[in-house]
Amino acid sequence: MEVEAAGHNKFEVNFTGKSIIRATNPLPGPHVLALSNLDLLSGRFPVTYFYFYCTPLVSNFTSNIVDILKSSLAETLNHYYPFAGKIVQNPNTSEPEIVCDNSGALVVEAHANIPLKELNFYNLNQSLQGKLVSLIPNFPLQVQVTKYTCGGISLTFTFDHALGDASAFGKFLVSWSEIAQRKPISCIPDHRRNLCARFPTTYHPSLDQTFVKCTIDEIINMPTTRIRLKRLYHIDASSIDRLQTLACIDGNKRTKIEAFSAYVWKVMVNAIDQSHSTCKMGWLVDGRARICQGGDENSMSNYIGNVLSVAFAEASVIGLKTGSISDIANDVHDAISKVTNQDHFLDLIDWIECHRPGLMLSRIVLGRGGPALVLSSGRRFPVTEVDFGFGSPVLGTVCSTIERIGVGYLNQRPSGRGDGSWTVSAILWPELAAALESDSIFQPMSAAHLQL
């Protein structure tokens, strides 16, 4: 399904300026921040978050909005100094490391030739690459401020995955918005990257089947796939509640994400090649609450870095077609439960230690093992909180600029409407996009959903 823009102008972006923003109070001399084992597992992929804001209500604010963003970013980098560094390859280990030398973050300024309401929010292939996201090498953090003819703006933030994961980036964005509003920051970031292997190392043998050591060439030359469509969807709160009711029909308590996953998995089997007898689904899991240090469940809450693993499950096509949402949600719950514990993350850290030096990835993410879809839940990721002094965004979500990918992705975020609805960004193959859009649950994102 293609959703056309409301107007007739071809969407174009004119780039008007670039600035390198450095911390105002840098550390006394550069130092090297070694990556943790879990950082090495996440790799060096660019991750982009984008937020859209209507015309600011503050008078004359648009003229100096970029100056305020730059000055508050410089102050924020005092607290998040690795984000102003550069990422280089260690000559001895060939592993990446962060040189905290205050090289700076890049801010790009641009003007769009349309009002926000005419932007194609659904087809991210058209609106992101080279327009709202224009990557320049050697800057781990890049920001683009784009102004629209209506006075609205979009902010796109692109991070090197070596800097952290969604939790880390969310802390950074909230801190930045707090500083922009002259509020005390609510997070004192922890940059220690102290997730060390045990001695002696030990791990469950199942990790050998889930993760694999790989080369950069294997990542670049993933098997040719058709997972190229980048889409954005709106999911009504009523649809989410209805799916959760179906998932809990046998008396089991299932989360909204488990229920949603069961629905998606059931739809997915109608969008894969008939030669496959099984179908896989995966879930990104944040380990911060699982790796408790000193018995304190909140000890890792402000940890800046990567603390991610992936849970996977495989089910038969026949079972997924005939099973109920409740049955499938039970399978989802069981799969996720296997990695939401401290033992799994400690084993994973040890597994990586045993396979260093080098890069490590999930076999499924590398495109090995048949059709698969990975779901990332951003229930706690900030959307309305990312207010730089000119109001909350109408939309905040994530997408990737990666051209070659071995697995489909769904990224769930809260809607900017604050009514319990979701925004879901997706990277899909054509048949799966068509299957998901065949009923009313996955609604192609439009200006109407954003109340523009």
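The values are calculated or read from the model by the stated rules, or taken from the named source; none is laboratory data. On a predicted model such as this, the values are computed, not experimentally measured, just so you know. In this analysis, Cβ positions are derived from the backbone assuming ideal geometry, glycine residues included, and neighbour counts consider all displayed protein chains.
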Could you count how many residues in the stretch 120-146 are surrounded by fewer than 19 Cβ atoms within 10 Å (Cβ to Cβ) and not in a loop (DSSP other than H, G, I, E, B)? 3
Scan the stretch 402-416 and tell me whether some residue there is under 27 Å from LEU116 (Cα atoms), assigned by TED's automatic domain parsing to the domain that holds LEU308 and surrounded by fewer than 18 Cβ atoms within 10 Å (Cβ to Cβ). yes
Restricting the stretch 20-40 to residues that are of a type outside the set (Ser, Thr, Tyr) and without any contact (Cβ under 8 Å) to a residue 60 or more places away in the chain, the residue that is farthest from HIS355 (Cα to Cα): ASN25
Of the residues in the stretch 66-105, those that are charged (D, E, K, R), outside any helix (DSSP H, G or I) and over 25 Å from the mean Cα position of the chain (by Cα) come to ASP101
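Please find, among ALA426, ALA433, ALA448, the residue that is of a type outside the set (S, T, N, Q), out of contact with any Gly (no Cβ under 8 Å at 6 or more places or on another chain) and crowded, with 19+ Cβ neighbours inside 10 Å.
On the way: ALA426 fails: out of contact with any Gly (no Cβ under 8 Å at 6 or more places or on another chain); ALA448 fails: crowded, with 19+ Cβ neighbours inside 10 Å.
Within the list ALA426, ALA433, ALA448, the selection yields ALA433.
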Index of the failed condition, ARG226 passing every other in (1) part of a loop (DSSP other than H, G, I, E, B); (2) charged (D, E, K, R); (3) more than 19 Å from ALA426 (Cα to Cα): (3)
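Filter the stretch 111-121 for residues that are farther than 12 Å from CYS399 by Cβ and of a type outside the set (Val, Ile, Thr) and give the result. Please lay out each step first, then the result.
Taking the stretch 111-121 and keeping what is farther than 12 Å from CYS399 by Cβ, we get 111-120.
Within the stretch 111-121, HIS111, ALA112, ASN113, PRO115, LEU116, LYS117, GLU118, LEU119, ASN120 meet the criteria.
Find the helices (runs of 4 or more DSSP H) located wholly in the stretch 306-369 whose residues include 2 or more that are more than 30 Å from ARG242 (Cβ to Cβ), and list them.
Working: elements: 317-322, 325-337, 342-355.
Because the criterion is at least 2 residues that are more than 30 Å from ARG242 (Cβ to Cβ), the helices (runs of 4 or more DSSP H) in the stretch 306-369 that meet it are 342-355.
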The stretch 200-233, residues that are touching a residue at least 60 places away in the same chain (Cβ under 8 Å), over 25 Å from SER400 (Cβ atoms) and exposed (fewer than 12 other Cβ atoms within 10 Å of the Cβ): GLN209
